[in-house]
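To start, the structure under review is shown below, and the notes come after it.
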Amino acid sequence: MTPGAWREEEWVLVSAIEHYSYCPRQCGLIHLESIFDENPFTLKGRHLHERADEPSARAEKGVRVIRAMPIWSDEYGLLGKADVVELHGDTAMPVEYKVGRDVGAMHAVYQAVAQGLCVREMLGRRVGSVAIYYGKQHGRTMYELTDELIAETLRIVGEIREMQKAVSMPPPVADKRCPKCSLIDACQPFAVLGASATDRRALFRPMRHLAALPGPASYSTRYTSERRKRGSSSTTRRRS
Ligand code: SF4
């Protein structure tokens, strides 16, 4: 795309890529609903990012290191910040900081690949690889910027863009990812999946929901008179 061709809702934050890769609903809760809760994993992550979040540019062991670099790509409609960008001769390499160890998960790698695409476009330098620094290991894993990694990253970016345009919350995954997720209280994955389709619709129709509940007759009466006033022909189905 040419610069300025993206509409506001089409720009994708590079941080959203890791969230979406982990769980599309987590991405929706954070980026559509602006919900963000802390848990021990996120607190550790914030602590680790403190140094990387201080903007600076200096030479370290012969390598130019830029911290907290604002990044964007007009070509791919990406925006965000790179924890660290290292300049080695005429090449550049983003380094994304994560807590924990390398367990082979690719979520952060797609985020780093998107950073690489931004840096390549902004600085006009070759980006041959990206790296993830793992706090628990005090070491990094490097990934070659292959066509396959770029294609998978852009596929995820496309899905996030569609989610943003539709303002549509993805369903919960409700699996082993959830207990580690800081958004489990806001998400209620097992309750949402366990509810019948009628119950889920009722969440968005409060008057109907109240009428279906046992309780003071006034709920039902209020609902019925409300429907008469509106001339509605809809019916309230009984739950089996
Ligand atoms: S609790 Fe589970 S379904 Fe909900 S956002 Fe987290 S990982 Fe996704």
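For Glu148, the conditions (1) acidic (Asp, Glu); (2) under 19 Å from Cys23 (Cα atoms); (3) more than 18 Å from the chain's Cα centre (by Cα) are fulfilled apart from (2).
Kindly indicate which of Lys180, Lys165 is away from the ligand (no atom under 16 Å from the Cβ) and touching a residue at least 60 places away in the same chain (Cβ under 8 Å). Sole residue among the options that is away from the ligand (no atom under 16 Å from the Cβ) and touching a residue at least 60 places away in the same chain (Cβ under 8 Å): Lys165. Only one entry of Ala202, Ala197, Ala131 meets the criterion of being among the hydrophobic types (A, V, I, L, M, F, W, C), modelled with pLDDT under 90 and crowded, with 17+ Cβ neighbours inside 10 Å, and that entry is Ala202.
Of Ser225, Ser220, Ser182, all but one fail to be exposed (fewer than 11 other Cβ atoms within 10 Å of the Cβ) and either among the small types (Gly, Ala, Ser) or modelled with pLDDT of 95 or more (or both); the exception is Ser225. The residues on offer are Arg155, Arg125, and the sole one that is within 18 Å of the chain's Cα centre (by Cα), without any contact (Cβ under 8 Å) to a residue 40 or more places away in the chain and either in the same structural domain as Gln26 (by TED's automatic domain parsing) or buried (at least 17 other Cβ atoms within 10 Å of the Cβ) (or both) is Arg155.
The values are calculated or read from the model by the stated rules, or taken from the named source; none is laboratory data. What you see is a predicted model, and the numbers here were worked out from it, not measured in a lab. With ideal geometry, Cβ positions are generated from the backbone for all residues, glycine too; neighbour counts draw on all protein chains shown.
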